[in-house]
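Asks: Pasting in a structure now, in structure tokens, and then I'll have a few things to ask.
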Amino acid sequence: MKKYIWIAVIMLIVLIIGGSIWGTYNGLVTRSQSIDSQWAQVETQYQRRYDLIPNLVNSVKGMMAQEQKVFDNLAEARTKYGQASTPNDKAIASGELEIALGRLLVVMENYPELRSVEAVTNLMDELAGTENRISVERRRYNELVRDYNTAIKTFPRNMFVGMFGFKERSYFQSVSGADQVPVVEF
């Protein structure tokens, strides 16, 4: 009888440990997939911005031929984003695009007659809304990365993550210079 009790206790312990490992693995897979899904949301907003830029540029370009350099920089940054293949490359290209857009916005402020054009105003509003959406999606991405990284570093999960191949994920970080206000000289 004692032998069966010990076997039952050992089986119960094995089931508890196995269930814990199973739950840990599934939880980390779920968190990892959430991060991937959220990055896709960030890219969706980048794509929205990428698609809006030609419309904005073409609308304003006809009125501001003398500001060709700003538009060239914007087109070059957009091309770099389109060619980027990794999340880090896309983040860097997106930062360059933001800087170029910032310069365009400064130019727009210096030409108030451009803001009175309805099409330009609508596109500027769309662009501002897109920038807000990107900011929100980046924040959500970083929150999910934080939660995942915390989960893989906490005990007892940290004992299993190596054997399952889970690794720390990188936060989205803006490119250097993105915190500087763009200067446009005429």
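Nothing in this text is a laboratory measurement; each read-out follows from the coordinates by a stated rule. Nothing here was measured: the structure is a model prediction, and the numbers come from that model. Reconstructed Cβ throughout: ideal geometry from the backbone, glycine too, with neighbour counts over all protein chains shown.
Asks: How far apart, in nm, are two points set 7 Å out from the Cα along the Cα-to-Cβ line at Thr121 and at Arg139?
Replies: Calculated label separation equals 2.8 nm.
Asks: To the nearest 20 debye, what charge dipole does segment 2-164 have about its Cα centre, counting +1 at the Cβ of each Lys and Arg and -1 at the Cβ of each Asp and Glu?
Replies: With only Lys, Arg, Asp and Glu charged at Cβ, the dipole is about 1200 debye.
Asks: While we're looking at this one, here's another question. Applying a 10 Å radius around every beta-carbon, put 94-103, 19-28 in order of their mean neighbour count, most first.
Replies: Per-residue Cβ counts within 10 Å, averaged per peptide and sorted highest first, yield 94-103, 19-28.
Asks: Work out how much length Phe164 to Ile16 would gain on full extension: take 0.36 nm times their residue separation and subtract the Cα-Cα distance, in nm to one decimal.
Replies: In short, 51.4 nm is gained.
Asks: In percent, what relative contact order does segment 2-164 have, based on Cα pairs under 8 Å that are 6 or more apart in sequence?
Replies: Relative CO of segment 2-164 lands at 37 percent.
Asks: Quick one, what does Rg over Rh come out to for segment 2-164 if you take C-alpha atoms and the Kirkwood Rh?
Replies: On the Cα set of segment 2-164, Rg over Rh gives 1.30.
Asks: Still on this structure: Note the full-extension length gain between Phe155 and Asn58 as 0.36 nm times their separation in residues minus their Cα-Cα distance, in nm to one decimal. Spell out each step's value before the answer.
Replies: Working: separation 97, 0.36 × 97 = 34.92 nm, distance 5.54 nm.
My answer for the length gained is 29.4 nm.
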